[in-house]
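Here is the structure we will look at, set down as structure tokens.
The values are calculated or read from the model by the stated rules, or taken from the named source; none is laboratory data. What you are looking at is a predicted structure, and each value in this text was computed from that prediction instead of being measured. When we count neighbours, we look across all protein chains shown, and the Cβ atoms used for this are built from the backbone with ideal geometry, even at glycine.
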């Protein structure tokens, strides 16, 4: 083969190779995206919009009753029978002093006078001394002597026991010091004894106060001082 023919053949081969290359690459050809062999980037996903989360608020459990501090017990005291009286009411007539205190169904009494003899109080007389519930007492040799009497007449009296009644005096006590005698005792407001007087708290009653002369320690000698007054029980 001549050199010219070899040259032509080489050129033809080269042109054929170029044509084949261009045909495979599709260069300059229009193609639909689906038929093209060119690289296509994968479609980007639209940014997802996260739906706003709905926060479900659970209803709070019903509030229980508010805690209440346990109230401290308060100590209380009611004066009843058998308790010591808290205070005495006082009445003074002349030199004689009467103190008294209602305590439930009982009446606590004190009588004092400037004497070393007897002292006495009479409750609710009808006329002069008559009808009164008389309590007389004195102190001798350190011992107190108290008697529950009833005034049987305007100027006379006798013990309840001697009349068939009862001696209703309790808590008898007494002192004699510095020329002053004091007796104290307790009687029922209503003893049920016919020779005693019924006393009602809040009511006003006439009373008799008396004392004997110095050194007269008995229940029969006439008084050295005698006073009448009214008090509210």
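Here is a check on your reading of the model: is residue 174 under 16 Å from residue 115 (Cα atoms) and either modelled with pLDDT under 95 or surrounded by fewer than 12 Cβ atoms within 10 Å (Cβ to Cβ) (or both)? No. When the criteria are applied in full, residue 183 fails the requirement of being touching a strand residue (DSSP E or B) at 6+ places or on another chain (Cβ under 9 Å), within 17 Å of residue 130 (Cα to Cα) and not in a loop (DSSP other than H, G, I, E, B).
Residue-by-condition table, conditions (1) over 22 Å from residue 104 (Cβ atoms); (2) at pLDDT 95 or above:
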residue: 153; (1), (2): yes, no
residue: 170; (1), (2): no, yes
residue: 200; (1), (2): no, yes
residue: 213; (1), (2): yes, yes
residue: 225; (1), (2): yes, yes
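Of the residues making up the range 107-141, those that are assigned to a loop (DSSP other than H, G, I, E, B) and touching a residue at least 12 places away in the same chain (Cβ under 8 Å) are 114, 115, 116, 117, 118, 124, 125, 128, 129, 131, 132. Among the residues of the range 87-106, some residue qualifies, meaning at least one is loosely packed, with under 10 Cβ neighbours inside 10 Å, at pLDDT 60 or above and part of a loop (DSSP other than H, G, I, E, B). Taking the criterion of being in a loop (DSSP other than H, G, I, E, B) and under 14 Å from residue 155 (Cα atoms), the residues of the range 208-223 that qualify are 219, 220, 221, 222, 223.
Taking the range 125-157 as the range and being more than 27 Å from residue 103 (Cα to Cα) and surrounded by 18 or more Cβ atoms within 10 Å (Cβ to Cβ) as the test, only 157 passes. Put simply, of 178, 202 the only residue that is in contact with a strand residue (DSSP E or B) (Cβ under 9 Å, 6 or more places away or on another chain) and farther than 16 Å from residue 130 by Cα is 202.
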